[in-house]
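The structure appears right after this line, and notes come after that.
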Protein chains: 2
Amino acid sequence: MESLFLLVLGNTEISTIPGISVAGATPELTKITPVADAEYLFHEKPLTIDAIPVTPEGHPTPAIITKAAKELADFPIIVIRGGTYLAPLVPHVHISDVVGRDFRKEIALPEFGEIIKRAKLFGEELNKLPIKELVIGESTPGGTTTAQAVLWALGYEARTSSASPNNPQELKERVIMEGFNRAGIEKGQLSEKPLEALRQFGDPMIATVVGLSLGFRKDIVLAGGTQMLAVSAILKALGEDMKRFMIATTRWVVNDRSATFVETAREIGIITYSADLDFSNSKFKGLRDYERGYVKEGVGAGGATWLAVKSGFSPEDVSEKVEELYERLMRMKSLT
Amino acid sequence: MESLFLLVLGNTEISTIPGISVAGATPELTKITPVADAEYLFHEKPLTIDAIPVTPEGHPTPAIITKAAKELADFPIIVIRGGTYLAPLVPHVHISDVVGRDFRKEIALPEFGEIIKRAKLFGEELNKLPIKELVIGESTPGGTTTAQAVLWALGYEARTSSASPNNPQELKERVIMEGFNRAGIEKGQLSEKPLEALRQFGDPMIATVVGLSLGFRKDIVLAGGTQMLAVSAILKALGEDMKRFMIATTRWVVNDRSATFVETAREIGIITYSADLDFSNSKFKGLRDYERGYVKEGVGAGGATWLAVKSGFSPEDVSEKVEELYERLMRMKSLT
């Protein structure tokens, strides 16, 4: 396998604002989501909490797609702790243990420089390996709000997506405007100061992926939805040539009419890949709900599917494997 | 480059027994040595302490050899925190933050199972990369004593080397016998229980390298001196075929008459490589002292030289680069 999959974990206090994130059963539990996702990729279920990674409504973490693709294509995965509340209980590269602060009240990421520097150093080492491509996924609850704030600061009229079918755009925009007021800036005012946008409104996942991308000089697939638009926009503003970058996401993000994925990607000038996953024939409501706008993307689900497809599997193969993994989770649940 | 160099960091309380270790200016400072070594590989000097990595007598850390080889051959390095007091301030894979306990008083490494499991998981991911070989070095003050205790428990009449020209064998043996008394075992009694030997007397570096070696199934170069004999002995007792393993060390370890490197390697049945480094013509006494038995090995110096030689450089090239790096350190020192 000439590709290496990196999963970057991040937290931001923004995820604990009620209504912002559904990537956890409660706002408080979103703090655990990144480590639980990483642990689930390598084990039958998360280790940090004794629960299956499925919401009370039956919606599984998008890590189930990444895990399905991994089990089919057997690509290598390295977990990276960009900055989280907890350390995952699986081997991981430590970049930092800082979380993004609530940007309504204070600067989000004073440590952006150190995080970028360390991630870049690690990217430089990976660049010496005989691999052709990095595929970088993420798990960052609340991350679509920090991403949208960064995009607005850089001057993009973007709306990011959401793991909920009811994208809380009104709430997100109110939160972002509070942040802009606190920082004393207007939309587009930081278009030539991308690192200041990151410092004011970003999260450690964005900083880590930017750093990795500066260190690794070959092809990079940014595996995520609208959050990776913020990463791309910063890289472009830093002068990186967008030709070696691609965003790989899912159909569900591309088709999300509440967000501007396709338009903003075009504006940035980055090509995109959309994994053609379809769960409408699943026998499980929790999976069929992906077709109704639940979850959509995360943990590099689209990029992992891209790797499976490059290895000769079809999106249907991935969907079937997801079905199997979900069944396994349900059996575990019934045992508890 | 089809080889990947891993530097595994470990600490054991054993290093703080006065007289056991010279890998630090004082017994207490040996706690910092592993992270300082890792930081020096990537920066002009360590970050955790504001000092150059040279003893008061002028002897540089063996990391200077690894750094020299790295600057010549440009191989990728990933730092792994097997178990240390501090986290290094460079990107590193987190396996654990436990240190080996003083085995005279208690079981050294109750966490050996979890450490092996995590390291194995990481080794399995590395195994999927298109590389042919891992070269695994270590920095573990006090590690020759834990290694000798493990070797004795497994039934080898081994004497490990030392970073001092006056190998404190008498002290080491007294410490080991105290440990054997505490555990209620005799030499050779754990020959068929290698993991119990590791648990009773080992350190997190040994556990981590064992785990990595179980997960990565291609060629492995154990880059170290007599400490890697303990790793090899455990792997052999666990049923691993020694044919895919090699120990790469330096001439200074091979020629150490106070230790049994060659004899014990032969007994285990592992082949060895000896880097033909010669510092006798250095203009610096601190480097010429390597020829008088100071330092000898560490931070994978022999294995890093092996990689440089495979890339077409000579041991003389490495020595010249070491001279240059030492000069740089001395200039920094004179500025403070």
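The values are calculated or read from the model by the stated rules, or taken from the named source; none is laboratory data. Quick caveat: nothing in here was measured; it's all calculated off a predicted structure. Every residue, glycine as well, gets a Cβ built from its backbone with ideal geometry; the counts of neighbours run over all protein chains shown.
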Practice item. May I ask you to verify whether A:Ile176 is in a loop (DSSP other than H, G, I, E, B) and not basic (Lys, Arg)? Key: no
Study note, to complete from the structure: All conditions in (1) surrounded by fewer than 20 Cβ atoms within 10 Å (Cβ to Cβ); (2) within 14 Å of chain A (Cβ to nearest Cβ); (3) touching a residue at least 60 places away in the same chain (Cβ under 8 Å) are true of B:Ala207 except (1)
Exercise for review: Answer with yes or no whether B:Ile131 is facing chain A (nearest Cβ under 9 Å) and either in contact (Cβ under 8 Å) with a residue 40 or more places away in the chain or of a type in the set (Lys, Arg) (or both).
Suggested key: yes
Exercise for review: Select from the stretch B:181-207 the residues that are within 16 Å of B:Ala237 (Cα to Cα), touching a strand residue (DSSP E or B) at 6+ places or on another chain (Cβ under 8 Å) and in a helix (DSSP H, G or I) and list them in ascending order.
Suggested key: B:Ile206, B:Ala207
Point to revise | In the stretch B:32-49, residue surrounded by the fewest Cβ atoms within 10 Å (Cβ to Cβ) [restricted to those that are touching a Ser or Thr at 6+ places or on another chain (Cβ under 8 Å) and touching a residue at least 60 places away in the same chain (Cβ under 8 Å)] | key: B:Leu41
Review point. Do we find that B:Ile136 is more than 14 Å from chain A (Cβ to nearest Cβ), closer than 30 Å to A:Asp74 by Cα and at pLDDT 95 or above in this structure?
Key: yes
Revision key, fill the gap. When every residue in the stretch A:27-52 that is part of a helix (DSSP H, G or I), aliphatic (A, V, I, L, M) and under 16 Å from the mean Cα position of the chain (by Cα) is compared, the one farthest from the other protein chains (Cβ to nearest Cβ) is A:Ala36
Review point. Could we say that A:Ile116 is buried (at least 23 other Cβ atoms within 10 Å of the Cβ), over 30 Å from A:Met1 (Cα atoms) and either over 19 Å from the mean Cα position of the chain (by Cα) or among the β-branched types (Val, Ile, Thr) (or both) here?
Key: no
Exercise for review: Tell me, please, whether a residue that is without any contact (Cβ under 8 Å) to a residue 40 or more places away in the chain, surrounded by 21 or more Cβ atoms within 10 Å (Cβ to Cβ) and among the aromatic types (Phe, Trp, Tyr) can be found in the stretch B:305-314.
Suggested key: no
Exercise for review: Go through the residues of the stretch B:3-11 one by one and say whether even a single one is of a type in the set (S, T, N, Q), within 14 Å of another protein chain (Cβ to nearest Cβ) and either under 18 Å from the mean Cα position of the chain (by Cα) or outside any loop (DSSP other than H, G, I, E, B) (or both).
Suggested key: yes
Practice item. Please tell me if B:Thr55 is crowded, with 24+ Cβ neighbours inside 10 Å, within 22 Å of B:Leu287 (Cβ to Cβ) and away from chain A (no Cβ under 14 Å). Key: no
Study note, to complete from the structure: Selection from the stretch B:159-183 of residues buried (at least 21 other Cβ atoms within 10 Å of the Cβ) and among the polar types (S, T, N, Q) yields B:Thr160, B:Ser161, B:Ser162
Revision key, fill the gap. Within the stretch B:68-85, restricting to residues that are part of a helix (DSSP H, G or I) and within 14 Å of chain A (Cβ to nearest Cβ), the one that is surrounded by the most Cβ atoms within 10 Å (Cβ to Cβ) is B:Ala69
Revision key, fill the gap. Here the qualifying pairs (Cβ atoms under 9 Å; residues six or more apart or on different chains; first in the stretch A:1-19 and without any contact (Cβ under 8 Å) to a residue 40 or more places away in the chain; second crowded, with 22+ Cβ neighbours inside 10 Å and not charged (D, E, K, R)) come out as none
Exercise for review: Output the residues belonging to the stretch B:165-192 that are touching a residue at least 40 places away in the same chain (Cβ under 8 Å) and basic (Lys, Arg).
Suggested key: B:Lys172, B:Arg182
Point to revise | Selection count where residues are in contact with a Leu (Cβ under 8 Å, 6 or more places away or on another chain), of a type in the set (Val, Ile, Thr) and either in a loop (DSSP other than H, G, I, E, B) or more than 12 Å from chain B (Cβ to nearest Cβ) (or both), scope the stretch A:86-123 | key: 2
Exercise for review: From B:Val322, B:Val295, grab the single residue that is under 17 Å from the mean Cα position of the chain (by Cα) and either touching a residue at least 12 places away in the same chain (Cβ under 8 Å) or surrounded by fewer than 15 Cβ atoms within 10 Å (Cβ to Cβ) (or both).
Suggested key: B:Val295
Revision key, fill the gap. Of the residues in the stretch B:12-26, those that are crowded, with 24+ Cβ neighbours inside 10 Å, part of a helix (DSSP H, G or I) and either β-branched (Val, Ile, Thr) or within 13 Å of the chain's Cα centre (by Cα) (or both) come to B:Ile14
Practice item. Would you confirm whether any residue within the stretch B:152-166 is basic (Lys, Arg), away from chain A (no Cβ under 14 Å) and not in a helix (DSSP H, G or I)? Key: yes
